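Working notes for the structure below.
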Amino acid sequence: MPPAIRYYGTGKRKDAVARVWIVPGSGNVTINDRAADKYLGRLTLLRLIQQPFDITETNGRFDVIARCKGGGISGQAGAVRHGISKALVEADPELRPTLRRLGYLTRDPRVKERKKFGRKRARRGFQFSKR
C-alpha cells in the first residue's frame, strides 16, 4: 500500500510555532492530539483556522494534524492558520495568489516589545507627581 499523500507547512505567530500536515480527508482538525474545538475553546479561533479553507473553497477536503509549541492559544491559532495556508500552497500552487492577496502567507511580525530599563513595562513610566 502506498504511503498517504500529505502536505506540510510551518506556521508562526508571536512566540507560537505550529507544524501542520494536511491530508486528503473529511475536514477534521486535530491540534496536539485533541479536537480543535476542545483545544482552542473559542469559536472565533476556530473560524480563524478555517479561513484558508473558506477562501480557497477547499472546505471538507483535507484533514489537519497540527503540533503547536510556545505562546498562548491565540498565537497558536494564528500559527496553525499560517501553517495551513502554506500547506495548501504545497498541495495546489495555483491557490498562492489568492492566499497571498489576503495576507495568509505572510508571517505576522507583531511581537511583544521588550521591557526598557527605568520603566515598569515596555512603555509605562512611573506615575508623575508635581509634589
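Tabulated data
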quantity: Positions within region 47-65 being assigned to a helix (DSSP H, G or I) and surrounded by 18 or more Cβ atoms within 10 Å (Cβ to Cβ), in sequence order; calculated: ILE49, PRO52, PHE53, THR56
quantity: Matching residues in region 47-71 - criterion: being in contact (Cβ under 8 Å) with a residue 12 or more places away in the chain, out of contact with any strand residue (DSSP E or B) (no Cβ under 7 Å at 6 or more places or on another chain) and over 15 Å from GLY11 (Cβ atoms); calculated: ILE55, THR56, THR58, ASN59, GLY60
quantity: Inter-residue pairs, beta-carbon under 9 Å, first free of Cβ contacts under 8 Å to residues at least 40 places away in the same chain and assigned to a helix (DSSP H, G or I) and in region 79-95, second crowded, with 24+ Cβ neighbours inside 10 Å and of a type in the set (S, T, N, Q), 6+ apart; calculated: LEU95/SER85
quantity: Hits in region 103-114 - residues which are within 14 Å of ILE55 (Cβ to Cβ) and surrounded by 14 or more Cβ atoms within 10 Å (Cβ to Cβ); calculated: TYR104, LEU105
quantity: Selected residue (only one of LEU40, LEU88 is buried (at least 16 other Cβ atoms within 10 Å of the Cβ), over 10 Å from the mean Cα position of the chain (by Cα), more than 18 Å from VAL23 (Cα to Cα) and aliphatic (A, V, I, L, M)); calculated: LEU40
quantity: Residue list for region 10-35, restricted to those being within 15 Å of the chain's Cα centre (by Cα), over 13 Å from GLY78 (Cα atoms) and not hydroxyl-bearing (Ser, Thr, Tyr); calculated: TRP21, ILE22, VAL29, ASN32
quantity: Leading residue by the ranking (nearest to VAL111 (Cα to Cα)) among those in region 4-37 that are in contact (Cβ under 8 Å) with a residue 60 or more places away in the chain and exposed (fewer than 15 other Cβ atoms within 10 Å of the Cβ); calculated: ASP15
quantity: Boolean, ARG67 is over 24 Å from GLU113 (Cβ atoms), out of contact with any helix residue (DSSP H, G or I) (no Cβ under 9 Å at 6 or more places or on another chain) and at pLDDT 95 or above; calculated: yes
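The values are calculated or read from the model by the stated rules, or taken from the named source; none is laboratory data. Since the model is a prediction, treat every value here as computed from it, not as a measurement. Because the Cβ atoms are built from the backbone with ideal geometry, glycine has one as well, and the counts that use them run over all protein chains shown.
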